[in-house]
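The values are calculated or read from the model by the stated rules, or taken from the named source; none is laboratory data. Computed from a predicted model, the values in this text were never measured in an experiment. Note: ideal-geometry Cβ built from the backbone for every residue, glycine included; neighbour counts use all protein chains shown. These accessible areas exclude ligands, DNA and RNA; they are computed on the full protein's heavy atoms, side chains included. Shrake-Rupley method; radii C 1.70, N 1.55, O 1.52, S 1.80 Å.
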Amino acid sequence: QVQLVESGGGLVQAGGSLRLSCAASGSIFSINTINTMAWYRQPPGAQRELVAAITSGGSTNYADSLKGRFTVSRDNAKNMVYLQMNSLKPEDTAVYYCALKRGAGWGSRAEYAYWGQGTQVTVSS
């Protein structure tokens, strides 16, 4: 029904920036589809946690600790979702995943039925 592919991860020094991308394809994700795309991350030895989410209408939600540094956006015409990460810290090191759910609610992790393979972000000090 849908495929998600993340890209843009890599190694960056503390204070630097990265821009992650997620390309969506399939029958669910489209310009006119009501949906929510989220970015999650899983640091080493920790549980997966919400980073940010954005609905097809452009409404956003962020983890409190990341507000002001991370920005989620999307280009519905291109079926792309982005995560701009600024002022990166070593504690931001994690595997970052994009996920998709139907509807415009933030939902819980279990409600996201489609996930990408993840992309590694490593922030060095």
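Dividing the mean sequence gap of close Cα pairs (under 8 Å, 6+ apart) by how many residues the stretch 1-97 holds gives a relative contact order of 33 percent.
Per Stokes-Einstein, at 10 °C and 1.306 mPa s, what whole-number D in µm² s⁻¹ belongs to the chain, with the Kirkwood radius over Cα pairs as the hydrodynamic radius? Please report the intermediate quantities before stating the final value.
Values: Rh = 14.3 Å.
Diffusion coefficient, whole number: 111 µm²/s.
Relative contact order (percent) for the stretch 79-125, with alpha-carbon contacts under 8 angstrom and 6 or more residues of separation? Walk me through the intermediate numbers first.
Values: 49 pairs, mean separation 22.9, N = 47.
Relative contact order, the stretch 79-125: 49 percent.
Ranked by the mean number of other Cβ atoms within 10 Å of their residues, highest first, the peptides 95-104, 110-119, 10-19 fall in the order 95-104, 110-119, 10-19.
Rolling a 1.4 Å probe over the protein heavy atoms of the chain, with every protein chain left in place, gives an accessible area that is 47 percent carbon and sulfur.
Of the beta bridges DSSP finds with both residues in the chain, what % are antiparallel, to the nearest 5?
If I count the DSSP bridges inside the chain, around 90 percent turn out antiparallel.
Computed over the stretch 12-64, the range of Cα coordinates on each principal axis works out to 38, 22, 21 Å, biggest value leading.
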